[in-house]
Amino acid sequence: MGLQEYQRKRAFTKTPEPRGTRHRGNGRLFVVHKHAASRLHYDFRLELDGVLKSWAVPKGPSLRPSHKRLAVHVEDHPMEYGSFEGMIPKGEYGGGTVMLWDRGEWLPEGDPARAYRRGRMKFKLSGKKLQGGWSLVRMGRAADEDAKHWLLIKENDSQAIAGKQSEVIETHPLSVATQRSLEEIAENPKIWKSHKKAKKVAFSLGRTIKDKTSTSLTKPGRRKKSQSSKDSINPLALPHALKASQPASFHPQLATLVKNVPRGEDWVHEIKFDGYRLLGMLKNGQIQLRTRNGKDWTKKFSAIAQALAEVPVRQAILDGEVVVLRPDGTSDFQALQNVLKGEASDPMVYFMFDLPHCEGYNLSRTPLLQRKEMLQRLLKDLSSQAAFLLRYSDHIQGLGEQSYEHACRNALEGIISKQISSSYQQSRSKQWVKVKCHHRQELVIGGYTNPAGSRNYFGAVLLGYYDEQGRLQYAGRVGTGFDERKLKNIHALLAKRHRSRSSFASLPSKRDLQGVHWVQPDLVAEVEFLEWTRDGLLRHPSFIGMREDKSAKDIRKETFARIEDLVPPNAKSSRSPRSPANSSRHRRLSSSSMDSDIFSGIALSHPDRVLYPKQGITKRALAEFYQHIAEWVLPHVIKRPLTLVRCPRGFQKPCFYQRHASDSLPESIRGIHIQDHGKGGNNTYLVIDDVKGLLALVQMGVLEIHPWGCREDRIDRPDRLIFDLDPGPGVSWERIIEGANILKRRLLEDGLASFVKTSGGKGLHVVVPLARRATWEAMKRYSRKLAMEVARQDPKRYIATMSKEKRKGKIFIDYLRNGFGSTCMTAYGTRARSGAPVSTPVRWDELSSLPGPEAYTLNSLPRRLASLKEDPWKGFFDLRQSLPSSAKVS
C-alpha cells in the first residue's frame, strides 16, 4: 500500500503531520494507539516494508483467544507515528486524543510480506501489555488483497487469559510512555496544528478556542448588535407573505409515515437526519433553541446559539435538526447523546430546512421552495466558523426512488419528501412524508426485567405506546443495543421511577411478567425493529437511544398512510409561475434521467412488458421483486460465474442460455476469464457484485439465474455439493420428500449437514455447504458414488443415470451438477415456467406441509419472507465441513 493513501487523505498545506517516507531496513516495531477520534478505537500497527501497517480495532485487543476482534485495515502510516502521543486538532483527519497504549517488538512466523499478502499473519509480540502469539486473519476472499476486514486473535498459549482479566484495555488503561489517561493527555497535549500565525475562532461545545489574534464571541443566547447582510432580505417580496408579529410559541410541522416514495416533479426530497429537531427562535436580540414539544435547550446547544448570532436578521423562526456527523457524513444519534452527556466532544451541526417566519412576516403560506430559497440566502455569507455549525439542508426535486435508494445505500435513516408548493402547518401533515430505510420509532418504557448471566443492571425494557383513548398498549420488550454504559445510565433513570403496578392497559404474557419491575411511564426510547407482528408486538427490536425531546404522552404507534391519499386525484400543482422549482438550480438531475422505472440505478426499457401472462407479471414487477428480496438472493449469486436463461419477451416466447460475456454488457455485469477445465483455452464468464447487477439481469430479460458451485476467487475449489431430485412421470410429491430425507440421512452418516429447497420446477434440491478443500473431481466422484448407492438400495424408486426411458415411476438423483462448470438454479430465483415459481429454501420440517415444488411464487414469496422468524437456512454460510476421507480429496 505504501504511504500514497496516507498522503492523499491529508492536505499538508493545512496540517503539519509528517508527509513521511518509506524507511529502509527490516525493523520489527509494533505500536498500539488508543485513539479518541469520532469514536474511541485502538490502532494496531506493525512495522513492515518501512511503514507501519495499520488496523483500526473498535473494541481493542483481548487476551482471550475466543474473542476475535474486528480489525479494519486502514492506510499505512509513517514510522514517525511510532512515538506519537498527543492531540490531532478537531477538523483535521483523525482529529482527537491519541495515547501510546502499548509498544514493543513483533516477531513474525515465516515471511511476513508473503503472509500479509495472503491475509494470514502469525507473530509473537513482546510489548508492555501484549505478549505471546497472535494472528491477523483477513476475512472474505483469500485472494482479495484489498479486503479491509480482518480479525485480531490471541493465540491459546501461556500468555492467554480467560475471565475479566482478559480485557486488557480495562485492566491496563494508561499510556506506556507517560502513564497518563486520555483525559490527562487532552489537558496537556502535544498538538499537531497549523503553522499559521493567526487563526480564526473555532467552536467546540459552547467554548471559544482562540489565539492571541482572535476576538471572543458574544455570550450564548445573545445576538450581536451590529448585523448586516450582503443580500437584501425582503420577505414582503415572497408570495403570500403576511405581516404578523412573531409568535412566542411555535410548533414544528411533522411528516406522515408512508411506505413508498411519492413520485413526480411536485415533490422534493431531503435527508432524514438522526438527531434532535430544534426550532431556532431569533427575536429582539435573543436566541432560543426549542425542542418539538417546547423545551428550551439553548444551554445544551450553546455553540449553535452563538453561531446563530451571525444570521443577518433581527427576528426569525428557523426549523432544523441538530446532529453529530460520522466521518462518512452520516448522522449518529448515539454520538449526539454522548456529547450532550459530556462523554464525547464531537462537533454538532445544525441542519436547517425551513423558514416559517422572517423579519415580521408569517411565511407559512409561502410555497416551500421559496421559503427554502430565502433560508439559503440567510446562510450564504456566514463566517467559516459559523458556517461549519449552521448548514442549509439541500434537496432533490423529483427522482424520489433514486434519492431513497441512495439514502439507504449510505446507511441513512431515510428521506423526507415534501410537496414543493406546500404551506407550513404547525401539525402533522400529508404534504410532508417520511420514508424510512428501517422500521424505527419512539416508544414508552413501562418496566424492566432482571439481568441474566454476566449482564449487569437490567435485562430488557418493556415498551408501549398510547392509543387514541390514552391507554398504554404493550408493544414488546427490547434487550439488545445496550452497552455497559447505557445499561448503567438507563438503570439509574429507571430506579427513580418504581411503581407497584403495571401502567399497560393489557398485561403482557406470563413469560414477559417474570422478574419485571414496573416504572412510571414517562421515559421515551427509540428502537429499530424488523416489523410489527400480527399480535402487535415488535419483531427483533434493537435499542437506539433515549429521547428527551419528546413527551411520553405524545407517543403513538406509527402507521403507514397511503400515497394515493396524499394528494387529491385531480389536484393540479399550485406551483407559482415565479417558483424556483422551474429553474435549473433546483433540478439537481436532468429531466431526462427522471424515470419512475429506475431500480438501483438501472433504467428498465419496456417496463410494462408482460413476462408471465397468466399472472400479469411485468418486467417492472420482476424488478420490484428482486429489489425487495435482494438481501436473501444476493449471497447465493454474487462473485460467482453465472449461466443465465434470458426470455426478453416472456417465458412463453423464445428463451436462450447465456454463459459467456458479450461486448454489450452493462457496467454492473462484469466478465471474468476462466480456463476451460482440461482444455487449455479460456472463456469470459458473467459475474455480478451487488443489487445493481441483479437488476441489470432483469433489464436483460433474465428469468433464471444459475450460479456455479464455487466463487470466482477459487474456481478450482467448489463450496457446495448439490443433488437434484428430478421425478419421472407418475412420481408423487410425497415420494420426492421421502427421497430428499433419505439423502439427508445418508449425508449425515458421512458427517455432512444438508439443506433443502424447492426447485421451482418438478423436484427438490439438497444442498451441502463445503469448506473449499475438495477438488471438482473429488466432489463429483463422491456425489456419483452416493447417488449410485441410494439407487442400488431401492432400484424401483431411484435411478442415477440420465436415461429418460428408464425414469418412469422413478426419481433421477442428478449428481451431475457437481462437475466443473455445472450450475444449479439459485436459491430465491424465479423460473421461466407458468405461475412464476421461485426456487425457495425451506426447513426440513416444513417439507411435509408444502403442497408441491412450486409452492412459492413471485407473488407469494415476499409474504413468506416477511413472516419468517429466522432464516430457514440459518447457519448455511457459517458451516465448515469437508467431504469424508473416503472421498480421497486431492
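Annotations for the structure displayed:
- Test result for Gln441, within 28 Å of Phe599 (Cβ to Cβ), modelled with pLDDT of 90 or more and either open to solvent by 10 Å² or more (accessible area, probe 1.4 Å) or under 25 Å from the mean Cα position of the chain (by Cα) (or both): no
- Qualifying residue in the stretch 53-65 (condition: surrounded by fewer than 20 Cβ atoms within 10 Å (Cβ to Cβ), modelled with pLDDT of 85 or more, aliphatic (A, V, I, L, M) and over 17 Å from Leu151 (Cα atoms)): no
- Among the candidates Leu786, Leu721, Leu748, the residue that is outside any helix (DSSP H, G or I) and among the hydrophobic types (A, V, I, L, M, F, W, C) is uniquely Leu721.
- Among the residues making up the stretch 547-562, those that are open to solvent by 40 Å² or more (accessible area, probe 1.4 Å), within 26 Å of Val322 (Cα to Cα) and among the charged types (D, E, K, R) are Glu548, Lys553, Asp554, Arg556, Lys557, Glu558.
- If you go through the stretch 634-657 and keep only what is over 22 Å from Pro769 (Cα atoms), crowded, with 16+ Cβ neighbours inside 10 Å and not small (Gly, Ala, Ser), you end up with Leu644, Val645, Arg646, Cys647, Pro648, Phe651, Cys655.
- Inter-residue pairs, beta-carbon under 6 Å, first open to solvent by 20 Å² or more (accessible area, probe 1.4 Å) and in the stretch 83-100, second among the polar types (S, T, N, Q), 6+ apart: Met87/Thr97; Glu92/Thr15
- Which numbered condition Gly400 fails, given (1) at pLDDT 90 or above; (2) more than 30 Å from Met87 (Cβ to Cβ); (3) not acidic (Asp, Glu): (1)
- Count of the stretch 517-538 residues which are farther than 26 Å from Gly275 by Cβ, modelled with pLDDT under 90 and of a type outside the set (S, T, N, Q): 4
- Residues that are open to solvent by less than 40 Å² (accessible area, probe 1.4 Å), part of a helix (DSSP H, G or I) and of a type outside the set (Gly, Ala, Ser), drawn from the stretch 724-740: Trp733, Ile736, Ile737
- Unique residue being in a loop (DSSP other than H, G, I, E, B) and either of a type in the set (Lys, Arg) or open to solvent by 70 Å² or more (accessible area, probe 1.4 Å) (or both) when the list is Glu624, Glu631, Glu667: Glu667
- Residue match in the stretch 431-445 (condition: touching a residue at least 12 places away in the same chain (Cβ under 8 Å), over 18 Å from Ser500 (Cα atoms), among the aromatic types (Phe, Trp, Tyr) and in a loop (DSSP other than H, G, I, E, B)): no
- Selected residue (criterion: surrounded by the fewest Cβ atoms within 10 Å (Cβ to Cβ)) from residues of the stretch 789-817 that are without any contact (Cβ under 8 Å) to a residue 60 or more places away in the chain and in contact with a Ser or Thr (Cβ under 9 Å, 6 or more places away or on another chain): Leu816
- Residue check for Leu743: open to solvent by less than 20 Å² (accessible area, probe 1.4 Å) and either of a type in the set (Gly, Ala, Ser) or over 28 Å from Gln881 (Cβ atoms) (or both): no
- Residue under evaluation Lys259, criteria (1) within 26 Å of Ala411 (Cα to Cα); (2) of a type outside the set (Ser, Thr, Tyr); (3) in contact with a strand residue (DSSP E or B) (Cβ under 6 Å, 6 or more places away or on another chain), criterion not met: (3)
- Positions within the stretch 20-52 being at pLDDT 75 or above and not in a strand (DSSP E or B), in sequence order: Gly27, Arg28, Ala37, Ser38, Arg39, Asp49, Gly50
- Gly761, sole failed condition from (1) in a loop (DSSP other than H, G, I, E, B); (2) open to solvent by 40 Å² or more (accessible area, probe 1.4 Å): (2)
- Flag for Leu847 being assigned to a loop (DSSP other than H, G, I, E, B), crowded, with 18+ Cβ neighbours inside 10 Å, touching a helix residue (DSSP H, G or I) at 6+ places or on another chain (Cβ under 9 Å) and at negative phi: no
- Output for the stretch 66-77, where each listed residue is assigned to a loop (DSSP other than H, G, I, E, B) and either out of contact with any Leu (no Cβ under 6 Å at 6 or more places or on another chain) or crowded, with 20+ Cβ neighbours inside 10 Å (or both): Ser66, His67
- Test set (1) more than 30 Å from Asp608 (Cβ to Cβ); (2) open to solvent by 10 Å² or more (accessible area, probe 1.4 Å) - Glu704 fails condition number: (1)
- For Gly459, the criteria (1) open to solvent by less than 50 Å² (accessible area, probe 1.4 Å); (2) assigned to a loop (DSSP other than H, G, I, E, B); (3) within 30 Å of Gln627 (Cα to Cα) hold in every case but one, which is (3).
- The stretch 446-475: number of residues that are over 20 Å from Ile555 (Cα atoms) and either β-branched (Val, Ile, Thr) or in contact (Cβ under 8 Å) with a residue 60 or more places away in the chain (or both): 2
- Selection count, the stretch 253-300, where residues are free of Cβ contacts under 8 Å to residues at least 60 places away in the same chain and either open to solvent by less than 60 Å² (accessible area, probe 1.4 Å) or not in a loop (DSSP other than H, G, I, E, B) (or both): 8
- Pro707 vs. criteria assigned to a loop (DSSP other than H, G, I, E, B), touching a Leu at 6+ places or on another chain (Cβ under 9 Å) and modelled with pLDDT of 95 or more: no
- Candidate set from the stretch 301-315 (those that are within 11 Å of Leu282 (Cβ to Cβ) and β-branched (Val, Ile, Thr)); member that is surrounded by the fewest Cβ atoms within 10 Å (Cβ to Cβ): Val313
The values are calculated or read from the model by the stated rules, or taken from the named source; none is laboratory data. Because the structure is predicted, anything quoted here is derived from the model rather than measured. For neighbour counting, all protein chains shown are included, and Cβ atoms are generated from backbone atoms with ideal geometry for every residue, glycine included. Accessible surface areas use protein heavy atoms only, side chains included; no ligands, DNA or RNA. Shrake-Rupley method; radii C 1.70, N 1.55, O 1.52, S 1.80 Å.
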